[in-house]
Every structure is written in structure tokens, then in C-alpha cells.
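*Asks:* Encoded as C-alpha cells, here's the structure I'll be asking about.
The values are calculated or read from the model by the stated rules, or taken from the named source; none is laboratory data. Please read all numbers here as calculations on a predicted model, not as lab measurements. Heads up, the Cβs are rebuilt from the backbone with ideal geometry, glycines too, and the neighbour counts pull from every protein chain shown.
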Amino acid sequence: MDYTNAANLPAVFFEQAERLDSRPFLWAKREGRYQPWTWAEVAAEVCRVAAGLSMFGVTAGDRVLLVSENRPEWFIADFAIMALGAITVPAYTTNRAGDHRHILADSGACCAIVSTAQLAAPLCEALPDTPDCRHLVTMDEAAALDGPWSNHAWGALAGPEEATAEIVKAASNIARHELACIIYTSGTGGAPKGVMLSHGNILANCLSAYDLLNEYGIGEEVFLSFLPLSHSYEHTAGHIFPVTIAAQIYYAEGVETLLTNLAEAQPTIMTAVPRLYEAMYQRIHRGLRKEPTFKQWLFAAAERIGRKRYADPNSLTLWERIFDLALERLVRDKVRQRFGGRLKAMISGGAPLNPEIGLFFHALGLRILQGYGQTEASPVVSANRPFKIKMHSVGPPLKGVEVALGEDGEILVRGELVMQGYWRDEAATQATLRDGWLHTGDIGSIDADGYISITDRKKDIIVLSGGDNISPARVEGKLSLQPEIGQVMVMGDRRPHLVALIVPDETWLQEWARSNGKRGDLEALFDDSSLRKSISEAVERVNGEVSNMEKVRRFLIAPEPFSVHNGMITPTLKVRRHAVRAAFGEKLEALYERR
């Protein structure tokens with residue numbers, strides 16, 4: 001398709017649907033097996049839902065909140081909203097009432113669409129405090145809850161018969177620069193900011209993805225959608241991009257069934273975050289330990305020779321080349337079958353990939369292309385090229401993307417993919433977009449081939465290995481409110497969950513020590529099991545207030561407070577994270593090894 005001259009996202013979809021008609025498009029489990037929705041069926045549903053939304057007043061420029069797990073109805077709702085010229089506001093299924101309250105109030109959404117009763121509960125808790133949102137559409141009948149809003153059943157949405165043609169025609173008139181969605185992402189202060197992405201922003205990123213993957217040759221592609229569609233990575237790469245290349249999308253039932261769904265869907269392109277590859281790596285090794293010694297030896301040989309070939313293709317001896325051909329059938333084909341057997345590429349994004357994990361899969365015949373991006377860049381900025389992979393880098397800029405380094409090494413990005421700004425936050429917009437450049441907050445380097453390496457993080461945002469962005473200030477702020485806790489620092493960058501270093505509140509500690517007949521100095525008590533139990537109760541209280549990704553799973557108690565004297569806080573009492581990590585990093589990292 002002509003990405004450069006395409007008008008907007010719904011127009012692209014309707015053109016594809018007219019051309020592809022009865023070919024299968026969206027696949028979901030019904031009655032225990034995957035069954036398809038054709039392009040024509042999905043287009044008809046998009047028009048029906050759009051007509052229903054317009055009947056109760058949703059119009060161009062309105063914001064509509066969408067809360068749902070990955071399923072065909074997510075796709076239909078998103079394109080129905082955009083077909084009206086309205087703006088989709090995706091929300092995580094893990095959001096609590098407070099998260100919904102902030103996003104609803106900040107976006108000014110006039111309508112919310114939710115899938116299940118479980119997801120409707122926290123949403124409906126927030127709705128009474130956000131009077132702009134007057135309508136609630138529920139995909140599942142049981143999700144409807146009474147309140148000061150109008151309930152609408154998904155199946156009952158409909159408009160006049162002539163509405164379909166009118167909606168398709170109206171969609172073609174939406175300008176490329178108009179907003180398609182507002183995706184909320186955590187800011188350094190903890191309050192999520194709404195990233196405004198236009199149709200053109202996302203189409204530009206799809207052009208970049210096409211240029212990258214077409215090195216393999218794009219044909220009849222199949223995607224398996226399992227990352228949250230509220231995440232900008234999956235939203236573009238696994239939701240919009242497949243439309244542009246006429247691909248099929250299978251919706252996974254959940255992470256726990258991913259291996260089964262991979263075998264069923266047999267995807268050709270897979271987008272995932274490092275955490276998935278880490279889990280697969282661990283699962284493969286656990287399974288391997290149960291195999292006979294000879295199979296373990298073959299596997300080790302395939303990995304060893306594969307790593308050697310990656311380092312230098314010309315370094316293999318004649319015997320190794322012959323043996324390597326045999327290992328393709330004996331080992332690598334079997335590994336590929338575990339991922340469906342048809343994968344052309346596995347794209348890793350959303351968080352830094354451990355090079356060792358990437359090399360492991362590469363050696364076993366599964367190329368992982370690590371990329372880099374931000375929601376503010378729609379989101380992909382760079383990625384390794386299929387036939388020139390540098391595992392320690394995030395690849396060169398994609399087509400249509402310009403990257404430069406600031407004076408301090410900050411990565412700057414320019415191109416049509418760069419966001420329109422932050423919704424209702426002009427100050428943050430001006431701080432991030434300057435002279436046409438997106439200031440990413442990441443520090444990096446660029447080698448002679450144009451490949452980018454991320455060397456540091458200018459921002460304090462933590463990116464878990466699953467790709468979730470977390471503001472440490474938000475979590476630390478909640479922990480510091482507990483009477484037992486005086487100071488705290490959380491960490492978890494590139495790791496599966498958060499851990500924390502905690503300094504008990506001095507006054508509370510003295511009272512606790514007296515009550516328990518113990519000495520009151522921290523140095524004597526920091527490894528006391530009963531003190532740990534009391535601090536654990538405070539941590540669990542906070543864990544009950546935050547989302548799953550923000551929970552602190554393990555913690556250490558520090559033997560001394562953070563002070564200017566020991567260099568762990570500044571004179572203005574801000575925690576010097578690098579100093580704390582230098583002092584306690586090894587012990588905090590060891591928490592991830594505990595079972």
C-alpha cells in the first residue's frame with residue numbers, strides 16, 4: 001500500500017476489507033477452537049458499532065476510553081471510534097479505579113467501552129467522579145453496572161441502514177494529521193501523560209516496519225496478539241501494521257496458554273517484550289535438563305556452533321559446517337516448531353533485551369531483531385536489520401526516522417512518527433519537543449554503521465523486562481507514606497518485577513524496639529526477622545493499592561539511613577540512585593535469585 005499518501009487508518013482498513021472481502025482476518029477461540037472473522041464481517045461490525053456510538057452523540061474529536069483484553073471486539077471498537085473521527089483512549093486492564101479516574105478526567109472522555117464484569121468494576125468505581133463520561137458500552141452483558149450514566153449493550157448498538165455507506169464515506173475525509181488515539185504513559189512525577197498520536201504518526205511507523213520486514217519478503221503473514229493492545233508497541237506493531245499488509249491476527253487466550261496458541265496460530269511474525277524471551281529461555285533449559293545426555297550434548301553443540309557463526313560466519317571449520325547442517329534438522333527445526341514452525345522474525349521491544357538471550361535464540365535458528373522506541377515516537381525508532389544483527393545494539397534508525405545525539409549524548413528523534421504532544425500539558429510538550437526534535441531522555445551512542453546503543457537513562461523511569469514503564473517516584477511516594485517507612489528506593493530496570501531498599505522510620509523504629517524489648521539502633525536490627533515482618537506488612541498494604549506491575553515483590557532493610565554524609569542523598573534530600581545502587585546493588589540483584 002501507499003503509506004505516504006494514505007489518508008488515515010480507518011480509510012486504509014475499509015479499502016483492505018473491500019478488496020479482501022471473505023478472506024479470514026481476525027481469529028479468536030470459540031467453542032474451544034480458533035474460528036475466523038472475515039474482513040467483510042469485521043468491516044460490517046465496525047460500521048454497526050460506529051453507527052451505534054454516533055446515535056448517542058459520539059462525534060469527531062470526542063475521546064472514548066477502551067478497556068478490554070485482546071479480542072476481536074477491541075479491534076472493532078478502536079476502528080469504529082476512529083471511523084467517526086473520534087479519538088481512542090486505550091487503558092490497561094490492570095488499571096485500578098484511581099488510574100481510570102485520572103485518565104477519564106484528564107482526557108475528558110465522553111464514553112467508555114469495557115469488556116467484562118471484572119474490568120467494569122474498577123472503571124465504574126471511577127465513573128461517578130468523572131461526569132464528562134455519560135455513556136458506558138459493555139461487550140459482555142454481565143459487565144453492565146448501574147450508575148449515573150447510560151448503559152449500552154454491545155450487541156444492541158445499531159444505526160439506520162444507510163449508516164454503513166455514510167460511515168465509510170465520512171472516514172475517507174479524516175485528515176492525516178488528526179488524532180487517532182491518546183495513549184497514556186507514566187511521567188517522571190508519576191502522573192500518566194496522554195501521548196497524542198495522529199493517523200500520520202502511526203502510518204509513518206507502519207511504513208518503517210514494512211521497510212524493515214520486507215527484507216524477509218512480506219507475503220501472507222500471520223500475527224499472534226498477546227501483548228496488551230493498550231501498549232503503544234502492540235497497538236502499532238500487532239494491531240495497525242497487520243491491517244496495512246493484509247495479515248491475519250490471532251488473539252492469544254493468555255500468557256499461560258502462549259505455547260499452545262503459538263502451535264495453533266503458527267505465526268510468521270512475532271512481536272514480544274524481553275520478559276517473554278527470558279521465560280522461554282528458562283522453560284527450554286528446564287525441559288532440556290530432563291532429556292537424555294546425548295540430546296543435551298546435541299543442543300549444546302547447536303548453541304555453541306550457532307554462536308560461533310554469529311561472531312564470524314567464516315570461522316567454522318569444514319567439519320563444523322557439515323555438523324551444523326545436521327543440527328538444523330536434529331535441534332533447530334524442533335526449537336522452531338515450539339514457536340509454530342513458520343516464524344520469519346521475532347521482534348523484541350518495549351525494554352532492553354539481554355544480549356545473551358538474543359544470542360541464545362539466534363544460535364538456535366530464531367532471529368530476534370531488537371528495536372528501540374517510545375510511545376512518543378509511535379513507537380518504534382530503530383531496529384536491527386534482519387541480515388545484519390548487532391545483538392548489543394538496537395539497530396539503525398528505521399526508514400523515515402532521523403536520529404541525532406545531543407551535546408550530553410541524549411538521543412534525539414525527528415520524523416513524521418513523532419507525537420503531536422502531550423494532551424493538555426503544554427509545559428511537558430515544550431520540554432520534550434524542541435526545534436522539531438523529540439528529546440527521548442535516553443543516553444546513547446551511534447557506531448560507524450549507524451547502529452544505536454542505549455548506554456544510560458536520563459529519566460528515572462523504570463522499564464521492566466516485560467516492557468511496562470513504571471515511575472519509581474510514584475511507588476516510593478506511596479511506600480514513604482507508611483508510618484513504618486522513612487526512606488525507600490525501588491529498582492527493577494530490565495528485571496521482571498520491582499525490589500526495594502527500605503530504611504525504617506526512626507521514630508517508629510524506636511517505639512517498635514521498646515515494644516519488642518530490643519535495642520533501638522538500625523545497625524543492630526536491620527536483619528531482624530520480626531522487624532522484617534512488620535516492614536513487610538507495610539509493603540503489602542501499598543501493594544494492595546497499586547497495579548500488579550508496581551508491586552514490590554522483595555525488599556532489603558538498609559543498615560543505615562540515606563544521608564548527605566554517606567553520599568546517598570543530595571543536600572536537597574533527593575536520593576542519589578547511582579550511589580545507592582553502588583552500595584547495595586549486588587544485594588538487591590541477589591533478591592531476584594531467591595525462590
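*Asks:* If you take just the helices (runs of 4 or more DSSP H) that sit entirely in region 1-111, which of them hold at least 1 residues that are surrounded by fewer than 16 Cβ atoms within 10 Å (Cβ to Cβ), in contact (Cβ under 8 Å) with a residue 12 or more places away in the chain and not β-branched (Val, Ile, Thr)?
*Replies:* Numbers: elements: 9-20, 39-55, 72-83, 97-107.
Here the list reads 9-20, 39-55, 97-107.
*Asks:* Would you check if there is a residue in region 548-561 being aliphatic (A, V, I, L, M), at pLDDT 90 or above and closer than 15 Å to PRO472 by Cα?
*Replies:* Pass one, region 548-561, residues aliphatic (A, V, I, L, M): 549, 552, 556-558.
From what's left, at pLDDT 90 or above: 549, 552, 556-558.
In the following step, the residues that additionally are closer than 15 Å to PRO472 by Cα were identified as 549, 552.
The answer is yes, given that some residue of region 548-561 is aliphatic (A, V, I, L, M), at pLDDT 90 or above and closer than 15 Å to PRO472 by Cα.
*Asks:* Take region 135-184 and flag every residue that is assigned by TED's automatic domain parsing to the domain that holds GLY57, within 20 Å of ASN95 (Cα to Cα) and surrounded by 13 or more Cβ atoms within 10 Å (Cβ to Cβ).
*Replies:* Answer for region 135-184, where residues must be assigned by TED's automatic domain parsing to the domain that holds GLY57, within 20 Å of ASN95 (Cα to Cα) and surrounded by 13 or more Cβ atoms within 10 Å (Cβ to Cβ): HIS135, LEU136, VAL137, THR138, MET139, ASP140, ALA143, ALA144, LEU145.
*Asks:* Taking region 414-437 as the region of interest, how many residues are over 20 Å from the mean Cα position of the chain (by Cα) and either farther than 23 Å from TYR184 by Cα or part of a strand (DSSP E or B) (or both)?
*Replies:* 5
Listed here are the residues, each with its yes/no results for (1) assigned to a helix (DSSP H, G or I); (2) among the β-branched types (Val, Ile, Thr).
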site: VAL499; (1), (2): no, yes
site: LEU509; (1), (2): yes, no
site: ARG514; (1), (2): yes, no
site: VAL539; (1), (2): yes, yes
site: ARG553; (1), (2): no, no
site: PRO559; (1), (2): no, no
site: HIS565; (1), (2): no, no
site: ARG581; (1), (2): yes, no
site: PHE584; (1), (2): yes, no
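*Asks:* Here are the criteria: (1) closer than 22 Å to PRO242 by Cβ; (2) surrounded by fewer than 23 Cβ atoms within 10 Å (Cβ to Cβ); (3) within 24 Å of the chain's Cα centre (by Cα). Tell me which single one PRO192 does not satisfy.
*Replies:* (1)
*Asks:* While we're on this one: Return the residues of region 470-521 that are of a type in the set (S, T, N, Q), more than 17 Å from GLY544 (Cβ to Cβ) and surrounded by 16 or more Cβ atoms within 10 Å (Cβ to Cβ); say none if nothing qualifies. Spell out the reasoning first.
*Replies:* At the first step, the residues of region 470-521 found to be of a type in the set (S, T, N, Q) are 471, 480, 482, 487, 507, 510, 515-516.
Filter once more, keeping what is more than 17 Å from GLY544 (Cβ to Cβ): 471, 487, 507, 510, 515-516.
SER471, GLN487, listed by residue number.
*Asks:* Sticking with this structure for a sec: Which residue out of ILE411, ILE470, ILE461, ILE454 is closer than 24 Å to THR271 by Cα and either at pLDDT 95 or above or of a type in the set (Lys, Arg) (or both)? Explain how you work it out, then say what you get.
*Replies:* Values: ILE470 fails: either at pLDDT 95 or above or of a type in the set (Lys, Arg) (or both); ILE461 fails: either at pLDDT 95 or above or of a type in the set (Lys, Arg) (or both); ILE454 fails: either at pLDDT 95 or above or of a type in the set (Lys, Arg) (or both).
So the residue among ILE411, ILE470, ILE461, ILE454 that is closer than 24 Å to THR271 by Cα and either at pLDDT 95 or above or of a type in the set (Lys, Arg) (or both) is ILE411.
*Asks:* Evaluate region 188-211: report whether one residue or more is under 30 Å from LYS344 (Cα atoms), outside any helix (DSSP H, G or I) and in contact with a helix residue (DSSP H, G or I) (Cβ under 7 Å, 6 or more places away or on another chain).
*Replies:* First, the residues of region 188-211 that are under 30 Å from LYS344 (Cα atoms): 197-211.
Within this subset, residues satisfying the condition of being outside any helix (DSSP H, G or I) are 197-198.
Still in the running and in contact with a helix residue (DSSP H, G or I) (Cβ under 7 Å, 6 or more places away or on another chain): none.
There is no residue in region 188-211 that is under 30 Å from LYS344 (Cα atoms), outside any helix (DSSP H, G or I) and in contact with a helix residue (DSSP H, G or I) (Cβ under 7 Å, 6 or more places away or on another chain).
*Asks:* When ILE305 is evaluated against the numbered criteria (1) farther than 25 Å from ILE183 by Cβ; (2) touching a Gly at 6+ places or on another chain (Cβ under 7 Å); (3) surrounded by 14 or more Cβ atoms within 10 Å (Cβ to Cβ), which criterion, by number, is the only one it fails?
*Replies:* So ILE305 meets the others, but not (2).
*Asks:* Any chance region 112-119 includes a residue that's aliphatic (A, V, I, L, M), modelled with pLDDT under 95, assigned to a helix (DSSP H, G or I) and buried (at least 16 other Cβ atoms within 10 Å of the Cβ)?
*Replies:* No, region 112-119 has no match at all.
Matching residues to (1) buried (at least 20 other Cβ atoms within 10 Å of the Cβ); (2) basic (Lys, Arg); (3) in contact with a Lys or Arg (Cβ under 7 Å, 6 or more places away or on another chain); (4) farther than 22 Å from ARG329 by Cα:
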residue: ALA272; (1), (2), (3), (4): yes, no, no, yes
residue: ARG275; (1), (2), (3), (4): yes, yes, no, yes
residue: TYR281; (1), (2), (3), (4): no, no, no, no
residue: GLY287; (1), (2), (3), (4): no, no, no, no
residue: GLN296; (1), (2), (3), (4): no, no, no, no
residue: ALA301; (1), (2), (3), (4): no, no, no, no
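*Asks:* Within region 215-233, which residues are in a loop (DSSP other than H, G, I, E, B), surrounded by 20 or more Cβ atoms within 10 Å (Cβ to Cβ) and among the aromatic types (Phe, Trp, Tyr)?
*Replies:* Within region 215-233, just PHE226 meets the criteria.
*Asks:* Do you know which residues across region 391-413 are among the charged types (D, E, K, R) and not in a loop (DSSP other than H, G, I, E, B)?
*Replies:* From region 391-413, those among the charged types (D, E, K, R) are 399, 402, 407-408, 410; that's our starting set.
Across region 391-413, the qualifying residues are GLU402, GLU410.
*Asks:* Continuing with the same structure: Which residues, taken from region 383-430, are farther than 15 Å from ILE446 by Cα and free of Cβ contacts under 8 Å to residues at least 60 places away in the same chain?
*Replies:* ARG414, GLU426, ALA427, THR429, GLN430
*Asks:* Further question on the same structure: Which of (1) under 23 Å from PHE75 (Cα atoms); (2) without any contact (Cβ under 8 Å) to a residue 12 or more places away in the chain does ASN214 not meet, given it meets every other one?
*Replies:* It fails just one condition, (1).
*Asks:* Can you spot a residue in region 256-272 that is at positive phi and either in a helix (DSSP H, G or I) or in contact (Cβ under 8 Å) with a residue 40 or more places away in the chain (or both)?
*Replies:* Of the residues in region 256-272, the ones at positive phi are 266.
Retained after the next criterion (residues that are either in a helix (DSSP H, G or I) or in contact (Cβ under 8 Å) with a residue 40 or more places away in the chain (or both)): 266.
The answer is yes, given that some residue of region 256-272 is at positive phi and either in a helix (DSSP H, G or I) or in contact (Cβ under 8 Å) with a residue 40 or more places away in the chain (or both).
*Asks:* Let me ask something else about it. Output the residues belonging to region 21-32 that are more than 27 Å from the chain's Cα centre (by Cα) and either of a type in the set (D, E, K, R) or within 15 Å of VAL168 (Cβ to Cβ) (or both).
*Replies:* Once the filter is applied, which keeps residues that are more than 27 Å from the chain's Cα centre (by Cα) and either of a type in the set (D, E, K, R) or within 15 Å of VAL168 (Cβ to Cβ) (or both), region 21-32 yields ASP21, ARG23, GLU31.
*Asks:* Hey, another quick one. Condition first: part of a helix (DSSP H, G or I), touching a residue at least 40 places away in the same chain (Cβ under 8 Å) and of a type outside the set (Phe, Trp, Tyr). Now tell me which residues in region 123-156 satisfy that.
*Replies:* Restricting attention to region 123-156, the residues satisfying the condition of being part of a helix (DSSP H, G or I) are 123-129, 141-143, 154-156.
Right, trim to touching a residue at least 40 places away in the same chain (Cβ under 8 Å) and you get 123, 154, 156.
The answer is LEU123, ALA156.
*Asks:* Find the residue count for region 438-487, including only residues that are in a helix (DSSP H, G or I) and either at positive phi or not polar (S, T, N, Q) (or both).
*Replies:* If we filter region 438-487 for residues that are in a helix (DSSP H, G or I), which is where we start, we get 472-480.
Next, from what is left, pick out any that are either at positive phi or not polar (S, T, N, Q) (or both): 472-479.
Of the residues in that region, 8 qualify.
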